[in-house]
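Colleague: Before anything else, here's the structure in question.
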Amino acid sequence: MSRDIRTKPDWIELLNDAEMRANWAAEAKAQELTDIEFEYVLDELAYYSSLHLPNGSAKLSAADGVWFSDTLIDAETTNGLKDYAAILEGVPDRQKDWYPEGQSCVLYLIDPSLYPLSYSHSWLCHRSSASPRAALNPETLGEFPGSLEKWRQALSGTGDGELGYYLPVDNCSCKSCKSKGFCWLPSEFRIDDNGAVTIESYINNLHPIKHEALYPIIASIFSKFLPLLEQVVTDLVHPRQPRVKPDGSKYYKSNEPMPNKHSNAYWRWKAEAEFTPPQPEPFVVPLRSTTPYSLRGRRLQTMVRMSNVELTPENPDYGDKDWRVAGLAKERIIATGVFFYDVANIAPSSLIFREAINSWDLETDDRFDDRSVVKAYGLDADL
């Protein structure tokens, strides 16, 4: 219910409307929410509303950990980006980067996957460049490691704040989440104390001289993203705690004593016992600071991607329904910002988010208890 209310554009104003709260209360009863659960939702929403910045530059979305704004980017910056996008689109057809390959659907204008770090081909620079143009200076080239292991050796002991801290990691156990051959190359974005952004290295796949005029536009857009990114990082530092503390032994009522949980009798007892959905404790304001974690006065490593979804009468549907994760484990991406700068002549669209979990993190004494999932998602109306 909290999520559904937060999908309404003016939900904060509606939260203080007595008539609307009465309507929500009626809807809650129709959905079999208890008074305790409904009051918890209202208290939680009141807390969420306190996190919103007064100028509308950062709003909490209906998806946990996702922040948005409809007013961050001014018209002048947006028009400048749209004008330059037309320049990037105007390359010969043979140079266009389409996805899926051979199908004219998604056109990548800036793609970090085209020219990534290659452990067998890339050169190592031992010092950072002062500007995108300086990245083209041959003096910045240092040595040619030739393999991932030699890259590690070359960078070992270079923790001077320049390159040593950014050696790609390879400690993820998931084979599909890492690559021994390639890694995206980030750009260095320096943020001053006021939030202004200076791009100090070239953006991968964007020539620093030919496309020099686009760099300050991207820097300006990133500076407007800061309030959102700071809220996301704050959420990571202070994750939301469970609304209900799991304790499966309290959810079942029976006239028979509960057998040992490791016995067959326990499963029979559990199947026959009455299941009582747990109730949340009174809402407690989290320890999360209302002042977001500051990214100002720092240098951030940033990947830039720019793409068009182009639909035609011959190809009218965007049929790619695969879930996307930004980068692999070694890119160490902690936040992603998306700016939809131009939409024309298409049906309404939306973003959908999922959260990856580790099944071991869900284990409790009743890890095989599926009733909570069935109840929460309405999988069985008879429960």
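Values quoted throughout were computed directly from the atomic coordinates according to the rules given, and no laboratory measurement underlies them. Model, not experiment: these values are computed from the prediction. Cβ sites come from the backbone with ideal geometry, for glycine too, and all protein chains shown count toward neighbours.
Colleague: For the ranges 327-335, 275-283, what's the packing order if you count other beta-carbon atoms within 10 Å of each residue, average per peptide, and put the highest first? It would help to have the intermediate numbers written out before the result.
Modeller: Working: 327-335: 17.1, 275-283: 13.3.
Output ranking for 327-335, 275-283: 327-335, 275-283.
Colleague: How large is the charge dipole for the stretch 1-125, taken about the Cα centre, if only the Cβ atoms of Lys, Arg (+1) and Asp, Glu (-1) carry charge, to the nearest 20 debye? List each step's numbers first, then the result.
Modeller: On the way: 9 positive and 22 negative charges, 97 e Å.
With only Lys, Arg, Asp and Glu charged at Cβ, the dipole is about 460 debye.
Colleague: Measure out, as a whole number of angstrom, how far apart the alpha-carbon centroids of the stretch 270-332 and the stretch 32-106 sit.
Modeller: If we compute the Cα centre of each part, the gap is 11 Å.
Colleague: Under a Cβ-only charge scheme (Lys and Arg +1, Asp and Glu -1), can you give me the dipole magnitude of the stretch 1-51 about the Cα centre, in debye to the nearest 20? Present the calculation step by step, with values, prior to reporting the outcome.
Modeller: Numbers: 5 positive and 12 negative charges, 31 e Å.
With only Lys, Arg, Asp and Glu charged at Cβ, the dipole is about 160 debye.
Colleague: Hey, rough spin-label estimate for T312 and F68, points 7 angstrom out along Cα→Cβ, what's it come to in nanometres?
Modeller: The modelled label-to-label distance comes out at 3.0 nm.
Colleague: T7 to L114: extension gain in nm, 0.36 nm per residue of separation minus the Cα-Cα distance?
Modeller: Working: separation 107, 0.36 × 107 = 38.52 nm, distance 3.68 nm.
Value of the extension gain: 34.8 nm.
Colleague: Can you tell me how much longer the chain between Y266 and V284 gets when fully stretched, taken as 0.36 nm per residue apart minus their C-alpha distance, in nm with one decimal? It would help to have the intermediate numbers written out before the result.
Modeller: Working: separation 18, 0.36 × 18 = 6.48 nm, distance 3.51 nm.
Contour length minus the Cα-Cα distance gives 3.0 nm.
Colleague: Taking K and R as +1 and D and E as -1, what net charge do the other residues with C-beta under 15 Å from the C-beta of L45 add up to?
Modeller: Numbers: positive: R3, R6, K8, R21, K59, R240, R243; negative: D4, D10, E13, D17, E27, E37, E39, D43, E44, D64.
With Lys, Arg at +1 and Asp, Glu at -1, the neighbours total -3.
Colleague: Something else about it: For the stretch 197-271, what relative contact order do you get, as a whole percent, if you take Cα pairs closer than 8 Å and at least 6 residues apart? Let's see the in-between values first.
Modeller: Details: 20 pairs, mean separation 14.3, N = 75.
Worked out over the stretch 197-271, it gives 19 percent.
Colleague: At R0 = 22 Å, how high is the FRET efficiency between N137 and K210 if r is their beta carbon distance? Nearest 0.05 is fine.
Modeller: 0.85
Colleague: Further, regarding this structure: How do W323, W267, W11 rank when sorted from fewest to most other Cβ atoms within 10 Å of their own Cβ? Don't skip to the answer; put the middle values down first.
Modeller: On the way: W323 8, W267 12, W11 18.
So the ranking, lowest neighbour count to highest, is W323, W267, W11.
Colleague: I'd like the distance between the alpha-carbon centres of the stretch 181-213 and the stretch 107-124, rounded to an integer number of Å.
Modeller: About 14 Å separates the Cα centre of the stretch 181-213 from the one of the stretch 107-124.
Colleague: Tell me the label-point distance for the pair R296, D342, using the 7 Å Cα-to-Cβ offset, in nm and rounded to one decimal.
Modeller: Rounded to a tenth, the inter-label distance reads 3.3 nm.
Colleague: Rank these for me by crowding, V66, V91, going from fewest to most other beta carbons within 10 Å. Don't skip to the answer; put the middle values down first.
Modeller: Numbers: V66 16, V91 12.
So the residues, fewest neighbours to most, are V91, V66.
Colleague: When a footprinting reagent is the concern and you count Cβ atoms within 10 Å, what order do L114, L311, L109 take, fewest first? Provide the component values of the computation, followed by the final result.
Modeller: Values: L114 10, L311 15, L109 20.
Ordered from fewest to most neighbouring Cβ atoms within 10 Å, L114, L311, L109 come out as L114, L311, L109.
Colleague: Using the structure shown, list the pairs from K82/K210; K59/K178; K245/K270; K96/K150; K59/K330; K96/K321 with a Cα-Cα distance above 26 Å, or answer none. It would help to have the intermediate numbers written out before the result.
Modeller: Working: K82/K210 17 Å; K59/K178 33 Å; K245/K270 20 Å; K96/K150 34 Å; K59/K330 30 Å; K96/K321 22 Å.
Over 26 Å apart, Cα to Cα: K59/K178; K96/K150; K59/K330.
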